[in-house]
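Notes for the one structure printed next.
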Amino acid sequence: MLLARRTFALGTFSVTQLSRRLSSRASAVLGALDIPTTLTELPGVYDGDWKGSGEVFQSICPTTGEVLANVKSASPAELHGALERTREAYVYLRSVPAPRRGEIIRQIREALAAKREELGALVSLEMGKIRSEGVGEVQEFVDICDYAVGLSRIMNGRVINSERPGHTILEVPNPLGVLGVLSAFNFPVAVYGWNLSISMAAGNATIWKPSPSTPLCSIAVTKIVSSVLEKNGIPGAVAGLVTGGKDVGEALVQSREVDMISFTGSENVGRVVGKNVQSRFGKVLLELGGNNAAIVMPDADLSLAVPAVFFGSVGTAGQRCTSTRRLYLHRSIAPEFLSRLQKLYASLKPGDPLDPSTLLGPLHTPVALDIYNGAITELKAAGADILAGGGRYDGLPSPLNQGNFVRPTIAIPKSGTSSALWATERFAPVLYVAEFDELEQAIAWNNAVPQGLSSSLWTRDMRNVGRWIGPTGSDAGIVNVNVGTSGAEIGAAFGGNKASRPTSIFSTGWGRESGGDAWKQYVRWSACTINFSDEAPLAQGVNFTPS
Ligand code: NAD
């Protein structure tokens with residue numbers, strides 16, 4: 001019951017208190033990060049100061065249904081002000097030497113690592129993934145900070161031989177401006193970390209619009225980052241935050257103050273975002289849906305492949321962009337593989353993701369439940385064989401009975417592997433299985449969908465490996481061998497390949513984030529031809545001398 005409402009100062013921001021205490025479970029997690037443990041209205045905007053007088057968004061625990069906080073988004077005037085301050089912060093940061101920016105990122109890394117367990121628990125509480133995956137997500141932010149610190153000393157341009165005597169050409173990477181990060185619910189910390197760290201090393205200011213259903217993760221991260229910025233006298237709007245929903249996302253996408261949008265989310269929304277940024281000739285990086293396949297050859301080591309497919313399809317309750325959604329088994333090993341996989345599925349018990357022994361947490365929201373239910377209905381209507389799962393859990397004890405728990409499902413659809421059913425990402429723990437005879441056939445099926453994020457081949461025959469990773473192999477951005485589809489390390493650039501197929505308007509986008517050469521997208525390249533000579537010849541021998 002809401003008994004009273006009053007405003008008071010808490011750390012660096014003030015909150016409006018509605019005097020219902022949270023459960024001890026939620027309080028322990030929030031309290032460890034200095035987030036109020038009474039149901040509060042938190043300011044959800046940071047641009048150097050905490051504020052928020054716009055629409056209110058609720059953070060709801062997917063495990064118990066408990067309302068964790070009410071978060072106030074930006075009013076239009078606050079959003080406008082935040083964008084202005086982010087631009088000013090960029091003007092400041094671009095003149096700070098890159099290694100000095102790296103030193104700030106190193107301190108952010110230290111501050112995050114000091115709160116790794118606490119932040120990981122918050123990810124688990126608010127998003128619903130199991131605790132070790134929550135902590136792993138924070139570790140990913142720590143790792144990419146390490147990477148960005150190193151980059152801050154090696155984001156080199158090039159010196160190019162000129163065809164003209166006494167001339168030199170330089171390619172110089174300069175800071176780009178303001179980066180808008182729009183992120184999805186399923187990685188409420190790491191995706192921002194990938195973008196913030198590299199973008200900051202490159203000299204940009206970042207404004208973050210997280211998923212409306214994970215505002216507490218974004219507030220906790222921003223508090224940690226901003227404390228480092230403030231300690232170093234750097235404007236807080238270097239790492240700004242505007243929580244909110246579609247309207248705030250659209251405003252960032254349309255704002256000419258934002259030079260580049262990095263969008264992670266669904267194919268539907270990504271299509272709109274991509275077009276809108278392009279219509280004003282902004283830069284855009286799209287990380288969209290995944291519909292990832294694992295292929296298992298007869299010579300595969302099943303003791304490795306079966307657990308990897310199990311983790312790939314069930315980890316994060318099937319809500320990773322890299323989750324295994326399609327499984328192609330060689331006919332000769334299919335019965336053995338499925339029997340082992342079914343045993344693992346049967347061992348699953350839904351539980352509180354904060355409990356270290358839990359492997360299966362809830363889906364994130366009721367919308368995710370609808371996606372799962374829709375997939376099951378579609379499979380049943382098509383007469384698919386359901387080998388595991390196929391519905392919600394009944395009779396869970398309180399408070400888990402208020403959570404979004406579903407049974408991970410294995411199904412053998414009757415429709416051919418090129419049907420729409422196979423070609424659509426269902427963001428839920430539903431695994432479709434088919435049997436093949438030749439690797440070429442399985443590769444063709446792997447490539448027959450519009451999405452091209454992750455893929456995995458299980459074999460001990462190096463000739464298969466050669467086919468898989470080469471020009472006639474997998475067309476995904478991630479092409480693994482004896483490693484599952486799910487998850488990736490920060491060292492290699494992460495992202496999908498492939499434009500939409502003739503049968504579909506969707507795609508994973510072509511974004512690259514994190515390691516590799518991804519940093520090159522966050523800079524504006526300047527090609528500088530410098531004449532050190534006393535002549536001024538034109539290139540290609542062009543003569544423009546008046547007679
Ligand atoms: P979503 O598309 O619903 O939302 C993503 C973000 O876009 C949110 O912040 C949302 O508020 C915002 N948004 C919504 N409408 C908008 C609009 N019209 N303009 C601007 N912004 C808008 O995605 P979701 O449900 O949060 O996440 C699940 C999806 O994300 C899945 O499809 C998954 O595959 C994908 N994903 C992809 C990757 C990857 O790296 N490829 C990583 C994680 C998630």
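Right, residue 344: more than 15 Å from the ligand (Cβ to nearest atom), free of Cβ contacts under 8 Å to residues at least 40 places away in the same chain and outside the structural domain of residue 217 (by TED's automatic domain parsing) or not? Can you show your working first?
Working: more than 15 Å from the ligand (Cβ to nearest atom): yes; free of Cβ contacts under 8 Å to residues at least 40 places away in the same chain: yes; outside the structural domain of residue 217 (by TED's automatic domain parsing): yes.
The answer is yes for residue 344.
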key: residue 212 vs. criteria part of a loop (DSSP other than H, G, I, E, B), in contact (Cβ under 8 Å) with a residue 40 or more places away in the chain and more than 16 Å from the ligand (Cβ to nearest atom)   = no
query = Given the conditions (1) assigned to a strand (DSSP E or B); (2) at pLDDT below 95, which single one is not true for residue 502?
reply = (1)
task = Could you please give the count of residues in segment 262-305 that are more than 10 Å from the ligand (Cβ to nearest atom) and closer than 21 Å to residue 441 by Cα?
result = 11
query = Hey, among 157, 136, which residue is surrounded by fewer than 19 Cβ atoms within 10 Å (Cβ to Cβ) and within 16 Å of the ligand (Cβ to nearest atom)?
reply = 136
query = Which residues, taken from segment 215-243, are out of contact with any helix residue (DSSP H, G or I) (no Cβ under 6 Å at 6 or more places or on another chain), farther than 21 Å from residue 288 by Cβ and either within 16 Å of the ligand (Cβ to nearest atom) or small (Gly, Ala, Ser) (or both)?
reply = 215, 219, 221, 222, 227, 233
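Conditions (1) in contact with a strand residue (DSSP E or B) (Cβ under 7 Å, 6 or more places away or on another chain); (2) surrounded by fewer than 24 Cβ atoms within 10 Å (Cβ to Cβ); (3) within 30 Å of residue 391 (Cα to Cα), marked per residue:
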| position | (1), (2), (3) |
| --- | --- |
| 238 | yes, no, no |
| 274 | yes, yes, no |
| 306 | no, yes, yes |
| 337 | yes, yes, yes |
| 342 | yes, yes, yes |
ask   = Does residue 461 satisfy the condition of being in contact with an Asp or Glu (Cβ under 8 Å, 6 or more places away or on another chain), among the acidic types (Asp, Glu) and either under 27 Å from residue 139 (Cβ atoms) or in contact (Cβ under 8 Å) with a residue 60 or more places away in the chain (or both)?
value = yes
request  = Go over the candidates 229, 170, 179 one by one and state the one that is assigned to a helix (DSSP H, G or I) and not β-branched (Val, Ile, Thr).
outcome  = 229
message = Being in contact with a Ser or Thr (Cβ under 7 Å, 6 or more places away or on another chain), surrounded by fewer than 19 Cβ atoms within 10 Å (Cβ to Cβ) and not assigned by TED's automatic domain parsing to the domain that holds residue 271 is true for just one of 402, 451, 441. Which residue is that?
response = 402
remark   = Pairing a residue in segment 134-161 that is under 21 Å from residue 110 (Cα atoms) and assigned by TED's automatic domain parsing to the domain that holds residue 97 with any residue that is part of a helix (DSSP H, G or I) and among the aromatic types (Phe, Trp, Tyr), where Cβ atoms lie under 9 Å and the two sit 6 or more apart in sequence or on different chains, gives 140/194; 141/192; 141/194; 144/194; 148/519; 151/519
remark   = Of the residues in segment 418-439, those that are under 23 Å from residue 336 (Cα atoms) and either of a type in the set (D, E, K, R) or free of Cβ contacts under 8 Å to residues at least 60 places away in the same chain (or both) come to 435, 437, 438
request  = Give the residues of segment 351-380 that are among the β-branched types (Val, Ile, Thr) and under 24 Å from the mean Cα position of the chain (by Cα), sorted by residue number.
outcome  = 358, 365, 367, 371
task = Only residues in segment 273-293 that are over 30 Å from residue 431 (Cβ atoms) count as the first member; pair them with residues that are of a type in the set (Val, Ile, Thr) and more than 10 Å from the ligand (Cβ to nearest atom), Cβ under 9 angstrom, at least 6 apart or cross-chain, and list the lot.
result = 276/284; 277/258; 277/284; 278/284; 282/258
task = Would you mind finding the one in 298, 335, 307 that is modelled with pLDDT of 95 or more and part of a loop (DSSP other than H, G, I, E, B)?
result = 298
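The values are calculated or read from the model by the stated rules, or taken from the named source; none is laboratory data. For clarity, every value in this text was computed on a predicted model and none was experimentally measured. Here Cβ is always computed from backbone atoms with ideal geometry, including for glycine, and neighbour counts include all displayed protein chains.
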